[in-house]
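Below: one structure, written as structure tokens.
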Amino acid sequence: QIFNQHNAEAPNLEQASHRMAQMEPNLDHDVSWFLLPSYWAKMVVALISFLCFANSYDGDFVFDDSEAIINNKDLRAETPLGDLWYHDFWGSKLSSNTSHKSYRPLTVLTFRINYLFAGGFYPVGFHVINIILHCTISVLMVDVFSILLGGLQFSNKGRRLNLAPKSSLLAALLFAVHPVHTECVAGIVGRADLLCALFFLLSFLGYCKAFRENKEGHTFSVFWVLVSVILGAIAMLCKEQGITILGLNAVFDALVINKINLLELIRKLLYKDKSLENAGLLRKGLLFRITLLMCGGASILYIRWRIMGTGPPAFTEVDNPASFADSLFVRAINYNYYYSLNAWLLLCPWWLCFDWSMGCIPLIKSVSDWRIIALAALWFCLIGLICQALCSEDSHKRRILTLGLGFLIIPFLPASNLFFRVGFVIAERVIYLPSIGYCILFTYGFSLLSKQAKKKKILAVAVLGILLINVLRCALRSSQWRSEEQLFRSALSVCPLNAKVHYNVGKNLADKGNQSAAIKYYREAVRLNPKYVHAMNNLGNILKERNELHEAEELLSLAVQIQPDFAAAWMNLGIVQNSLRRFEEAEQSYWTAIKHRKKYPDCYYNLGRLYADLNRHIDALNAWRNATVLKPEHSLAWNNMIILLDNTGNLAQAEAVGREALELIPNDHSLMFSLANVLGKSQKYKESEALFLKAIKANPNAASYHGNLAVLYHRWGNLDLAKKHYEVSLKLDPMAPGTKENYNLLRRKLDQLQKKGG
């Protein structure tokens, strides 16, 4: 039988040293669950946590991964390592007003190491590290839950005893297979939460080590308390939630080490009882340790505030609509509704979504809204648990419920909107740490049911069923996170009112060339959120490419009216106005874009095209030069400079620009082609031929490359080679302009030579 066995590894309580208070009832006595040796328990947890998320190992970079990894210059070797300490998670300067102020330099450092070892942006290595981190955290949870559920006690040899092996295994399995963790594991950006959790747990375990009696007989170690503070600081440098471990360590110290009865303490404080010392406040160095934790936490927060430089980040209404509500009542009621939805995701993690903003959860604006029931249910449960945690006569029950609520609530506080506005409505990743508290409460509830149940096996089988369902849900959700198409489409059924979901589906379709389908989703995004300027901009771009210029202009004009500093929309509006031959308006739009984004090489490039159309050649060259200064690898700007100088007869200058461009972008076949044309006109046939052949090798199916090489051979007098490349060019593009005429001229010349030779 696997249920209700006696613990073969349970310590002999008479031989164990009682450095803590007298042992309380063992939770495992009431739990119908598997009993495994510690190392086997950890292996089982590691294996199952690996199976849950293994299929995400070969996924793509998805959603926020693009900004945090692919577009983040802090990952590249040319960026000094020191810059990581002054930049936010996305690579922007923390001092910038546009920064999100998410300060996670250690997480970015791990991304950079991934990038360097992989030799580029290959997602497999990033995903593998995330999976390994989650497996490691799940294994550590066995030790953490054994302390939280069974208490802290050491043997005579100073080895920590696992007094709840069955309960800790169940709780660790619940944590390992929880589907809400998929975003953290399968999404590479979730690395921040994983690293934070790792050092969070190490800080807690380090704090527990402080109470292992040393040779000198001291009841606690200041060294390990300080180590715990340092590990908490490292956790915060991975993600902001990490700082909360210091508060949880203090709660653990008070409840487990000092056995403080909170209700009794509150009563004594209210009645100004002079026997507070007997309540445990000053016993065993509690006050001293809490002072260390508070000083450490305050120092960490102060340094963090100084590095941040400016005030909190500026979020928009679509990111967190409740926080922008004028009414305090509306804000409070919606915040509490968000809490209830987070709790529901822990209880029933079936409806998961990569983004919960932009209308996904409409605001509650009156008490007549039926969703008020969710708030009532949440607070009914919380108040019931809090009352039991404070008022129960069973000290064991008080301790477990208080720790469960502490680990559920305290790590969630930074995401609660109580202290500052956050940039999301719900984010599954922020529930990673609070799920520890959920697992404690679930396991304790299971132990109570096991105690009352007559058929304990049926109850255990039911829990096994929950674990199995969660494993399958994790595997399914991990597969959805493997590609943006699957991820975005999976959200359509969960959040059909979320404009961002429709926008992302549309963007994914547009990137794949399916413009007709993309238009449908962009239109729906704009319908759901009439102020969604990014959807308007992208829809306007597609309509511009389809030559539906008037509707494109209307959309882009509305976008810049809603957000006057939207530089990309101003530039695209300028392109549309240029196509409509409204050149003065187009020029003004381009300069407005540049005013709002000083370093905007693409806008300078388009401005140069406008000046070229107006025959303002010097202005065009200056604009393209600005584009190449801002972005030296801007191939189109270099090409246009070479072509314009070539067309205006400035061959020497065109050649100089072409050589400069090829030094910067040596493998660009279009630049080789443009410079080869210039060299051919300058009668530098040999060098021109070499560049043409190199361009053709890089892009053998370009008809113009073969055609112009044929012209070079024609001028040079290599008629057979000219004939060969004319024919290749015409085969690739029978309608190639000028090629057929040149080929006919060559054939006539060859016929004449044959007649003379005959």
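A few comments on the model shown:
Listed here are the residues, each with its yes/no results for (1) under 22 Å from ALA197 (Cβ atoms); (2) aliphatic (A, V, I, L, M); (3) open to solvent by less than 10 Å² (accessible area, probe 1.4 Å).
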| residue | (1), (2), (3) |
| --- | --- |
| TYR57 | yes, no, no |
| GLU67 | no, no, no |
| ALA77 | no, yes, no |
| TRP90 | yes, no, no |
| LEU106 | yes, yes, no |
| THR110 | yes, no, no |
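- Out of SER299, SER340, SER323, SER368, one residue alone is free of Cβ contacts under 8 Å to residues at least 60 places away in the same chain, assigned to a helix (DSSP H, G or I), farther than 30 Å from GLY445 by Cβ and polar (S, T, N, Q). It is SER299.
- Note on the stretch 381-436: among residues that are among the hydrophobic types (A, V, I, L, M, F, W, C), touching a Pro at 6+ places or on another chain (Cβ under 6 Å) and part of a helix (DSSP H, G or I), the one that is farthest from PHE324 (Cα to Cα) is LEU408.
- The set of residues in the stretch 399-443 that are closer than 14 Å to THR244 by Cβ and under 17 Å from the mean Cα position of the chain (by Cα) comprises ALA415, VAL430, ILE431, TYR432, LEU433.
- Residues satisfying the stated conditions in the stretch 616-659, i.e. surrounded by 20 or more Cβ atoms within 10 Å (Cβ to Cβ) and over 19 Å from SER688 (Cα atoms): ALA620, LEU621, ALA623, TRP624, ASN626, ALA627, THR628, HIS634, ALA637
- Number of the condition not met by TYR335 [criteria: (1) assigned to a helix (DSSP H, G or I); (2) loosely packed, with under 15 Cβ neighbours inside 10 Å]: (2)
- Residue within the stretch 125-135 that is surrounded by fewer than 19 Cβ atoms within 10 Å (Cβ to Cβ), touching a Phe, Trp or Tyr at 6+ places or on another chain (Cβ under 9 Å) and small (Gly, Ala, Ser) present: yes
- Some residue of the stretch 563-578 being buried (at least 23 other Cβ atoms within 10 Å of the Cβ), farther than 21 Å from ARG597 by Cα and not aromatic (Phe, Trp, Tyr): no
- TRP85 vs. criteria under 22 Å from ILE307 (Cβ atoms), open to solvent by 40 Å² or more (accessible area, probe 1.4 Å) and touching an Asp or Glu at 6+ places or on another chain (Cβ under 9 Å): no
- Qualifying residue in the stretch 492-500 (condition: buried (at least 18 other Cβ atoms within 10 Å of the Cβ), touching a Phe, Trp or Tyr at 6+ places or on another chain (Cβ under 6 Å) and part of a helix (DSSP H, G or I)): yes
- Cross-chain or 6+ apart pairs with Cβ under 6 Å, the stretch 432-457 first and open to solvent by less than 50 Å² (accessible area, probe 1.4 Å), then of a type in the set (Asp, Glu): TYR432/ASP193; SER447/ASP30; SER450/ASP30
- Unmet criterion (only one of (1) closer than 17 Å to VAL189 by Cα; (2) part of a helix (DSSP H, G or I)) for PHE63: (2)
Condition check ((1) under 30 Å from ARG306 (Cα atoms); (2) among the polar types (S, T, N, Q); (3) open to solvent by 10 Å² or more (accessible area, probe 1.4 Å)) across all residues:
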site	(1), (2), (3)
SER96	yes, yes, yes
SER99	yes, yes, no
PHE175	no, no, no
HIS181	no, no, no
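- For LEU472, the stated conditions hold: it is among the aliphatic types (A, V, I, L, M), loosely packed, with under 15 Cβ neighbours inside 10 Å and within 19 Å of GLY59 (Cβ to Cβ).
- Verdict on ARG306 being surrounded by fewer than 17 Cβ atoms within 10 Å (Cβ to Cβ), over 22 Å from the mean Cα position of the chain (by Cα) and assigned by the TED database to the domain that holds LEU263: yes
- The stretch 541-562, residues that are at pLDDT below 95 and buried (at least 24 other Cβ atoms within 10 Å of the Cβ): none
- Some residue of the stretch 719-727 being over 48 Å from the mean Cα position of the chain (by Cα), part of a loop (DSSP other than H, G, I, E, B) and free of Cβ contacts under 8 Å to residues at least 60 places away in the same chain: no
- Residue that is surrounded by the most Cβ atoms within 10 Å (Cβ to Cβ) [pool: residues in the stretch 660-716 that are assigned to a helix (DSSP H, G or I) and of a type in the set (S, T, N, Q)]: SER674
The values are calculated or read from the model by the stated rules, or taken from the named source; none is laboratory data. These numbers come from a predicted model, not from an experiment. Glycine gets a Cβ as well: all are built from the backbone with ideal geometry, and neighbour counts include every protein chain shown. Note: areas computed on protein heavy atoms with side chains; ligands, DNA, RNA excluded. Shrake-Rupley method; radii C 1.70, N 1.55, O 1.52, S 1.80 Å.
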